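Trainee: To start, I am sharing the structure in question, which I have written as structure tokens.
A short reminder: the numbers here are calculations on the coordinates, not readings from a lab. Given the structure is predicted, the values throughout are model-derived calculations rather than measurements. So basically every Cβ, Gly included, is an ideal-geometry build from the backbone, and we count neighbours across all protein chains shown.
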Amino acid sequence: MNDVFEKRKETVLEFINDKSYKPMRVKDIAMFLQVPYDQIQMLFDIIDKLIDEGKIVENKKGKILSSASLKQYPGVFTGNGRGFGFVKIEGFDEEIFIPASLTNGAMHKDKVLCQIIKETGRKQEGEIVKVLEHGLKHIVGRYQKVKNYGFVIPDDKKICDDIYIGSGKDMGAVDGHKVVVQITKPPTKKDNPEGVITQILGHINDPGVDILSIIMQYDLPTEFDESIYKELESIGSTIENESKDFREDFRDVDMVTIDGEDAKDLDDAVSVEVLENGNFKLGVYIADVSHYVKEKSPLDKEAYKRGTSVYLVDRVIPMLPHKLSNGICSLNAGEDRFSLCCVMEINKKGDVISHDIKKAIINVNERMSYNVVYDLLTNENSSYKERYAKFLPMFKNMEKLRNILYNKRKKRGAIDFESEEAKIILDENGKPIDIIKRERNIATSIIEEFMLIANETVAEHFYWLEIPFVYRTHEVPDEEKVEKLESIIAPFGYIIKGSSKHPKSYQQLLESVKGKPEEMLINKLTLRSMKQAKYTAENGKHFGLAATYYCHFTSPIRRYPDLQIHRIISQYLEGELDEKKIYHYKKILAEVARVCSMNERRAEEAERDTDKYKMVEYMKDKVNQEFDGVISGVTSWGIYVELENTIEGMVSVKDLVDDYYLFDEENMRYFGENTHKVYTIGDKVRVKLIRASVQTRTIDFDFV
């Protein structure tokens with residue numbers, strides 16, 4: 001019945017969106033479409049549903065029009081702490097700017113109907129006509145008591161209003177409690193939103209409450225319910241009694257896992273040997289999670305809902321329970337495991353001249369770490385030589401193959417961002433005691449290159465089979481963002497040579513800044529000019545990697561898209577991918593890709609927020625200390641400065657008191673009217689910390 005409803009809904013929407021359609025009442029639509037009498041009610045339900053979704057509107061005369069004909073479009077509202085916001089509309093390249101006076105009660109993440117009221121070139125301005133659905137189930141914030149009522153100050157700075165909590169709706173919360181609040185009345189032009197406190201997380205100074213607040217803010221599921229644990233009871237801890245049909249035995253192949261020291265979910269193993277013809281045989285063996293997580297099972301539904309494992313500064317929130325992620329699915333050394341593998345023959349140019357994708361049984365010989373492999377490859381006197389003597393030749397061949405694959409990628413134009421990530425060191429109470437840069441070395445690069453080539457090979461294989469699949473797509477950058485990047489890098493003496501639609505142009509730019517003081521800054525600015533990669537059900541190429549075919553195949557323990565394509569691959573290899581299943585995947589994969597992309601964004605934002613919180617906490621006791629930094633951003637409200645350890649803070653315009661400074665938006669700089677002092681992106685500066693607020697998650701500097 002649901003399929004019938006959806007199909008007829010599509011038909012009705014297509015009819016109303018047709019250029020020749022003239023506004024008419026529902027009964028006239030029924031006559032025109034020759035809807036049988038016993039299906040009239042379904043038509044009314046369809047019309048109501050389309051109105052709720054913001055795709056059509058009913059005017060005062062009761063006539064139905066398409067929203068687009070009125071320049072009204074459904075989208076998602078992203079708020080800003082200063083009241084204004086933006087609406088992201090599907091199919092539009094640019095977000096629609098909504099002034100603070102025209103948000104009409106919309107809150108951050110609400111689904112809204114937006115009317116475009118002004119167009120200037122590519123930029124469009126709009127008004128919120130209607131809130132279709134509230135996006136936030138709950139809001140996390142700090143409670144502030146005022147007599148017999150109070151306010152919750154939201155942690156999320158995209159929510160501009162404090163939430164009024166009436167008498168008797170505070171659950172007994174006191175000043176400084178972190179709480180969860182449910183909105184009972186949205187904001188108006190005159191009044192704040194109203195809410196009721198549903199949970200007290202603890203006091204802001206209690207250990208762990210900071211990260212718990214972020215977990216709640218992003219609605220990250222932390223517990224698995226009983227149905228999951230019940231399903232886990234039927235999954236063994238070994239493959240001894242499992243069917244080995246359709247699997248090739250690779251247990252005699254020498255292979256290793258190479259991960260960080262603290263990794264527990266090992267989902268990829270690798271092997272390399274040099275063939276008689278001088279080519280390399282690379283085996284990439286991935287945990288066969290789809291063998292245990294069956295479609296539509298409680299485990300699968302929960303994994304789909306989570307979308308990805310989330311790596312917060314003090315904990316991991318896994319996509320799958322530990323019995324799977326650290327147990328039977330983890331490729332632990334010395335234990336038989338089920339795997340999906342891609343074995344490739346690669347010539348000295350880096351071309352994959354043949355490959356096999358198979359279901360396999362494997363047994364990893366050694367669990368290696370990046371640091372140990374790095375030491376073995378770079379230190380002639382490594383203390384690990386004796387222990388791993390058997391594998392040292394393989395590691396050296398891995399390095400040779402890595403260099404070949406890396407150079408081939410570079411030659412075709414792949415962009416290699418030398419991005420710097422912070423590693424935050426916590427004490428036993430969760431307090432940050434140091435912040436350092438994460439190191440990348442030849443061992444991490446070996447695994448990166450091997451996973452990249454496996455992902456490309458699998459994506460190309462299934463693309464040409466014309467089987468429904470999930471791809472990883474990275475689109476060409478927007479022209480407007482490219483123009484902005486060009487204007488910023490021009491004063492440094494750099495240009496984007498060639499076509500901005502080819503990644504090689506960006507690669508050449510990044511090559512030209514290597515070793516220069518502004519290297520990290522231009523790396524970061526170039527990265528910001530790029531679009532975000534996303535999952536799609538159609539192959540859309542990967543701009544950053546300069547790859548024609550790309551997917552995520554190598555991490556099914558922690559990413560749902562990988563698990564989804566593993567399921568498709570397994571069914572294909574077993575001959576089970578019949579027409580019915582192909583139809584099923586064609587029907588669901590676009591939505592799977594959309595949801596996975598959305599959950600990936602959520603995880604990234606939560607990870608970024610926890611890092612930011614701990615960075616602010618780390619700086620809290622360093623007020624009045626001085627630091628060297630680089631100007632990383634210039635806006636109308638202030639100048640952003642990044643320190644050597646990647647911590648970023650802001651010098652407010654209000655604190656530039658030695659002169660009257662003019663903001664030059666085109667050249668991204670501030671210019672002193674009398675002193676002629678200039679502050680621009682890339683300048684090395686010395687700053688003093690004047691404030692670090694964990695409540696607002698902000699760091700404020702002043703120029704020394």
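Trainee: Here are a few candidate values for semi-axes √(5λ) of the Cα gyration tensor in Å: (i) 46, 35, 23; (ii) 42, 37, 28; (iii) 36, 32, 27. Which one was actually calculated from the structure I just gave you?
Mentor: (ii)
Trainee: Please identify every one of the GluC sites (Glu not before Pro) in segment 413-442 that sits in a loop by DSSP and has no more than 14 other beta carbons within 10 Å of its own beta carbon.
Mentor: Listed in order of number, the matching sites are Glu418, Glu421, Glu428, Glu439.
Trainee: Here's another thing I want to ask about it. Taking θ as phi - 60°, what are the ³J(HN,Hα) couplings along segment 105-116 by the Karplus curve (6.51, -1.76, 1.60), each to the nearest whole Hz, with x for Gly and Pro?
Mentor: The phi angles translate into x, 6, 10, 3, 6, 5, 7, 9, 9, 10, 9, 7 Hz.
Trainee: Find the Rg to Rh ratio for segment 623-703, where Rh is the Kirkwood radius over alpha-carbon pairs and Rg uses the same atoms.
Mentor: With Rg and the Kirkwood Rh in hand, the quotient comes to 0.95.
Trainee: Summing -39500 (n - 2.57) over the DSSP H runs of n ≥ 4 in the chain and dividing by its residue number, what mean residue ellipticity at 222 nm do you reach, to the nearest 500 deg cm²/dmol?
Mentor: Calculated from helices alone, the mean residue ellipticity at 222 nm is -9500 deg cm²/dmol.
Trainee: Please go through segment 652-704 and write out the trypsin sites (Lys or Arg not before Pro) that DSSP classes as loop and that have at most 14 other C-beta atoms within 10 Å.
Mentor: Lys677
Trainee: For Lys385, list the aspartates and glutamates whose Cα falls under 12 Å from its own Cα; do not include residues on the same chain fewer than 8 positions away.
Mentor: Asp375
Trainee: Would you list, by chain and number, the aspartates and glutamates whose Cα falls below 13 Å from the Cα of Lys301, excluding same-chain residues fewer than 8 positions away?
Mentor: Asp225, Glu231
Trainee: When only DSSP loop residues count, what chymotrypsin sites (Phe, Trp or Tyr not before Pro) in segment 547-579 have their Cβ near at most 13 other Cβ atoms within 10 Å?
Mentor: Sites meeting the loop and neighbour criteria: none at all.
Trainee: As a footprinting exposure proxy, order Ser632, Ser297 by other Cβ within 10 Å, with the fewest listed first.
Mentor: Fewest-to-most Cβ neighbours within 10 Å comes out as Ser297, Ser632.
Trainee: Cα convex hull of segment 71-133: how many Å³ per residue?
Mentor: Convex hull volume per residue, Cα atoms: 74 Å³.
Trainee: In nm, to one decimal, how far is the Phe32 label point from the Glu673 one, both placed 7 Å along Cα→Cβ?
Mentor: Placing both labels 7 Å along Cα→Cβ, they lie 6.1 nm apart.
Trainee: Full extension from Glu276 to Lys305: what is 0.36 nm times the residue separation minus their Cα-Cα distance, to one decimal in nm?
Mentor: Once the chain is fully extended between Glu276 and Lys305, it gains 5.6 nm.
Trainee: Sort Val623, Val12, Val482 by Cβ crowding within 10 Å, fewest neighbours at the top.
Mentor: Exposure proxy ranking, most exposed first: Val623, Val482, Val12.
Trainee: Here are some pairs, Lys109/Lys230; Lys22/Lys305; Lys359/Lys587; which of them have Cα atoms lying more than 31 Å apart in this structure?
Mentor: From Lys109/Lys230; Lys22/Lys305; Lys359/Lys587, over 31 Å: Lys109/Lys230; Lys22/Lys305.
Trainee: Under 5 Å between amide hydrogens, which residues at least 5 positions from Ile117 or on another chain qualify, with H placed 1.01 Å from N in the peptide plane?
Mentor: The answer is Glu125, Gly126, Glu127.
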